[in-house]
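Taking it in order: structure first as structure tokens, then the write-up.
The values are calculated or read from the model by the stated rules, or taken from the named source; none is laboratory data. Computed from a predicted model, the values in this text were never measured in an experiment. We place every Cβ from the backbone using ideal geometry, glycine too, and count neighbours over all the protein chains shown.
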Amino acid sequence: MNELSFLQYLPILELLVFNLISIDKCLHRKYSAARTGSVLALFSVACFFLSILFLRPSFKGNGSLSLCGFIYLIPFRILYKEKMPVMIVIICFCWVYTLGILSVAQQAGSLLFPGSYLFIFTVESLLFLGTAYPFYKKVIPRYIFVLDNISAFDKTWYSYLAVSNCLYFLSLVVVNSMVLDGAGSLLRLSALVLLLATISISYFILYKLVLDSIRMNQLEQAALRDSLTGIGNRVQLWNHLNTLLAKGLTFSVLFMDLDHFKMVNDRYGHMTGDLYLKHFAGIIASLFQDAGEVYRFGGDEFVAIYNGIVPQKLVEELKECRSWNDGAPCPFNQVSVGVLICRPPHQTVDQILRHVDQIMYQNKLKKQAADS
């Protein structure tokens, strides 16, 4: 290989190195970095010399050989944990970056110093050095964030992402091959930069959409949770009951009121009172975790929904709070419980909660009368 031929392949080799580094940062290795890098280096050397011997490619900076890079799926499948569709998405994403850098360098070289592979290599190196840090520190983490979270909204979104990545890469290849392959011009260079800018903006918009959607979901979940105890609040209770009524299911509603809670605040302080509420909420949440949900109705009142007819054994265990002493902030002052079995045809949510509240209050009065 003479000096001219060597300079001809320098930009391609540099592209390959940055491409492999970018893909490695997006995937999870099965083996050590040294072992993974050694295998990829040997594979790259073999592919490079085989292409020289049999394909005799000519460097035009148009990405005409980029599709041959799919052969790297063979070592990637062995060296990394991701499934094949994920690898294809990552490969196309990284190729858009590296091929875009190479194409801009080639067009700039053709415009300023036609035929100078050393100038193309220099421009490409400067572009990689100038963009590598933001790409690895900002762009790749955000893209991984999108990959990790986009399927949570709708699994078809992941398919759309895969298709769009492949189309971005193929568009870049086609534009280079059919439009930009030839004598350099400022117009062609501008067209290439505009294409890359459009792709970059689309990635940023996708990231913002996923991020804002996650934040909205988190806010929605926060709006349905009691800030002190972490269990569902009254809004979520209403939603749950309306869902059960719409389905015409049989269920049990348990209304709980902590006895002598004011005494806890007066004797131990409001901070201990908050811990008292949190401790009780944790106990009842564990009791109903397999067959129901619990909610803080307000103050020292809680509501539990049991799927089906609640066993009397569970009601007694709830009243006794047998596990109270495990990490309790102070002694337990008992709880009054009202139980209502709801069967179709159902009352309204307001009527159900008013009815079970009355049952709880009657039980509280009976307990007070018995204690006196």
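Observations on the structure shown:
- Residue identified as within 29 Å of the chain's Cα centre (by Cα), surrounded by 12 or more Cβ atoms within 10 Å (Cβ to Cβ) and without any contact (Cβ under 8 Å) to a residue 60 or more places away in the chain among Leu209, Leu172: Leu209
- Scan segment 98-149 for residues that are charged (D, E, K, R), more than 13 Å from Phe18 (Cβ to Cβ) and more than 32 Å from the chain's Cα centre (by Cα) and the total you get is 0.
- Verdict on Ile283 being crowded, with 18+ Cβ neighbours inside 10 Å and more than 19 Å from Trp238 (Cα to Cα): yes
- Within this structure, Leu314 fails the test of being closer than 23 Å to Arg225 by Cβ and among the aliphatic types (A, V, I, L, M).
- Selected residue (criterion: farthest from Cys92 (Cα to Cα)) from residues of segment 176-215 that are of a type in the set (Lys, Arg) and at pLDDT below 90: Arg215
- Of the strands (runs of 3 or more DSSP E) lying entirely inside segment 267-372, those containing at least 2 residues that are under 35 Å from the mean Cα position of the chain (by Cα) span 292-298, 301-307.
- Of Phe153, Phe169, all but one fail to be in contact with a Cys (Cβ under 6 Å, 6 or more places away or on another chain) and at pLDDT below 85; the exception is Phe169.
- Checked against the criterion of being more than 26 Å from Gln221 (Cβ to Cβ) and either in contact (Cβ under 8 Å) with a residue 12 or more places away in the chain or touching a Ser or Thr at 6+ places or on another chain (Cβ under 8 Å) (or both), the candidates Pro311, Pro329 yield just one match: Pro329.
- Pairs with Cβ under 7 Å, 6+ apart, first in segment 70-86 and assigned by TED's automatic domain parsing to the domain that holds Ala162, second charged (D, E, K, R) and surrounded by fewer than 17 Cβ atoms within 10 Å (Cβ to Cβ): Leu79/Arg29; Leu79/Lys30; Tyr80/Arg29; Tyr80/Lys30; Lys81/Lys30; Met84/Arg77
- Residue check for Tyr117: aromatic (Phe, Trp, Tyr), surrounded by 16 or more Cβ atoms within 10 Å (Cβ to Cβ) and either assigned by TED's automatic domain parsing to the domain that holds Leu187 or without any contact (Cβ under 8 Å) to a residue 40 or more places away in the chain (or both): yes
- Condition met for Leu318 (without any contact (Cβ under 8 Å) to a residue 40 or more places away in the chain and out of contact with any Phe, Trp or Tyr (no Cβ under 7 Å at 6 or more places or on another chain)): no
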